[in-house]
């Protein structure tokens with residue numbers, strides 16, 4: 001009985017473990033580029049590149065560094081009149097330093113007239129991309145847990 005329980009626990013731990021040394025994020029800096037966003041591993045170079053892009057559209061972006069990164073998804077949209085047609089937008093996806101607080105940055109005056117702003121930071125692989133049609137690692141963890149519990153109950 002204890003051997004089966006131990007095996008189930010090891011299976012759950014193995015399935016839940018992420019084999020990752022660092023964070024991977026989608027990166028792109030325009031709507032056209034974002035149609036085929038690249039996946040990059042966060043490092044100082046990629047975080048500084050995203051910070052430089054943020055400086056084009058925001059005031060007083062702090063010049064900070066850290067070894068803790070997050071993925072950023074930031075989009076500004078302007079709509080035409082009363083229709084839901086997007087007139088233009090700005091998209092910035094990439095790696096940022098956690099301490100940058102990129103979603104709290106103040107937009108430059110020429111950007112502040114946007115109709116909608118969507119921004120979030122996250123800290124797991126590829127979390128800033130469109131997850132539609134993709135299974136997250138939590139689905140696999142839940143499935144492995146159910147299988148382990150069924151095996152433990154069957155052999156109990």
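Looking at 46, 22, just one residue is in a helix (DSSP H, G or I) and either on the phi < 0 side of the Ramachandran plot or surrounded by 14 or more Cβ atoms within 10 Å (Cβ to Cβ) (or both), and that residue is 46. The requirement of being surrounded by fewer than 16 Cβ atoms within 10 Å (Cβ to Cβ) and modelled with pLDDT of 90 or more is fulfilled somewhere in region 67-89, by at least one residue. Of all the residues in region 63-80, those that are within 21 Å of residue 111 (Cβ to Cβ) and either assigned to a strand (DSSP E or B) or in contact with a strand residue (DSSP E or B) (Cβ under 9 Å, 6 or more places away or on another chain) (or both) number 9.
The values are calculated or read from the model by the stated rules, or taken from the named source; none is laboratory data. Here the structure is a predicted model, which is why all the values come from computation and not from measurement. Cβ coordinates were reconstructed from backbone atoms using ideal geometry, including for glycine residues, and neighbour counts include every protein chain displayed.
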